[in-house]
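> Can you keep this structure in mind? I'll have questions shortly.
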Amino acid sequence: SQPTPQAPFAVIEKNAVQPHRKRQWCIAQLTAKFLCDMEQVLDVYARPYDEQFPVLCFDEQPCFLIGDVMAPVPSEPGRVAKEDYEYQRFGSGAVLLAVEPRTGRRFVKVCARRTAEEYTAFMQDLEQAYPAAVQITLVQDNLNTHHGGSFYKFMSPQAAHRLVGRFEWVYTPKHASWLNMAELEFSALQRQCLNRRIPVLERLRSEVETWVAARERAGVTLNWQFSTQVARRTLGRHYEAIRIKSL
């Protein structure tokens, strides 16, 4: 009898590989600078509450304006709502959001763009919202408009310098937006408000402002649990690897 020929390729078990499925992940390099910047953010979150030195988290997010081609079918008792798969795009907008985790104070602005001009105007609004504060600590990412230089493009040098002095900027490490508590707000905003088609900027603004008002009425605050001590315990092998590598 002839030997059974060997298959040229290994047989893959059914469903072992699912190339149609994937998850998007933001992978950070845990360098010494990453750990230093992370601990700086965590130390800010651990500060005792002081109304003269409020701590806020800021972020911004683009939003596509999308409308229906065919009128959707509304829900009725015993029937779910239906919408056609086809849609129209009407441009985009941006949501700028800041939250004070300890008090639940929220500030939001819906704009057509998210440039240095919008950032400057938003920071002016924040500064005016805390007239008694000695300095406002702002946790944010490293977007190229997120610094005091933006102010000098739209304000006099004297006014820009004064506004810069009202803020302490604390930046999250690269690829570590999860350290910014404003991301928690955007996650809730996406699930509870933006997960449907909104065709025009005016409606986007109305929907977002209504959501913020309801969240503040409910007294929702943010209770951050990831401390410097937890980070050193959870990421201990990375701390050790960096120290050994430098020896």
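The values are calculated or read from the model by the stated rules, or taken from the named source; none is laboratory data. Here the structure is a predicted model, which is why all the values come from computation and not from measurement. Ideal geometry is used to build each Cβ from the backbone, glycine not excepted, and the neighbour counts take in all protein chains shown. The accessibility values were calculated without ligands, DNA or RNA, using every heavy atom of the protein model including side chains. Shrake-Rupley method; radii C 1.70, N 1.55, O 1.52, S 1.80 Å.
> Would you kindly state how much longer the chain becomes between Trp178 and Glu76 on full extension, computed as 0.36 nm times their sequence separation minus their alpha carbon distance, in nm to one decimal?
Fully extending the segment from Trp178 to Glu76 adds 32.8 nm.
> For segment 47-189, what does the convex hull of the Cα positions come to per residue, in cubic angstrom?
Convex hull volume per residue, Cα atoms: 159 Å³.
> In a Debye calculation with equal point scatterers on the alpha-carbon sites of segment 162-207 and no solvent, what is log10 I(q)/I(0) at q = 0.13, 0.22, 0.23, 0.33 Å⁻¹?
Listed by q, the Debye log ratios stand at -0.52, -0.84, -0.85, -1.14.
> Could you please state how large a percent of the accessible area of segment 103-247 is carbon and sulfur, counting protein chains only and using a 1.4 Å probe?
Accessible surface attributable to carbon and sulfur in segment 103-247 totals 54 percent.
> Something else: In Å and whole numbers, how far do the C-alpha atoms of segment 157-247 stretch along each principal axis, longest first?
The Cα atoms of segment 157-247 stretch 58, 42, 27 Å along their principal axes.
> Calculate the dipole size of segment 121-226 relative to its Cα centre from +1 charges on Lys and Arg beta carbons and -1 charges on Asp and Glu beta carbons; express the result in debye to the nearest 20.
Dipole size: approximately 220 debye.
> By how many nm would the segment from Phe90 to Ala132 lengthen if fully extended, with 0.36 nm per residue of separation less the alpha-carbon distance?
The Phe90-Ala132 span can extend by a further 11.0 nm.
> Measure off 7 Å from each Cα along the Cα-to-Cβ vector at Gln158 and Gln29, then give the distance between these two points in nanometres to one decimal.
Distance between label points: 4.6 nm.
> Does segment 117-160 classify as rounded, prolate or oblate by the C-alpha gyration tensor (a ≥ b ≥ c root eigenvalues; a/c under 1.5 gives rounded; else a/b over b/c gives prolate, otherwise oblate)?
Oblate, since a/c reaches 1.5 and b/c is not below a/b.
> Hey, what's segment 100-209 come to in accessible area per residue, 1.4 Å probe, Å²?
48 Å²
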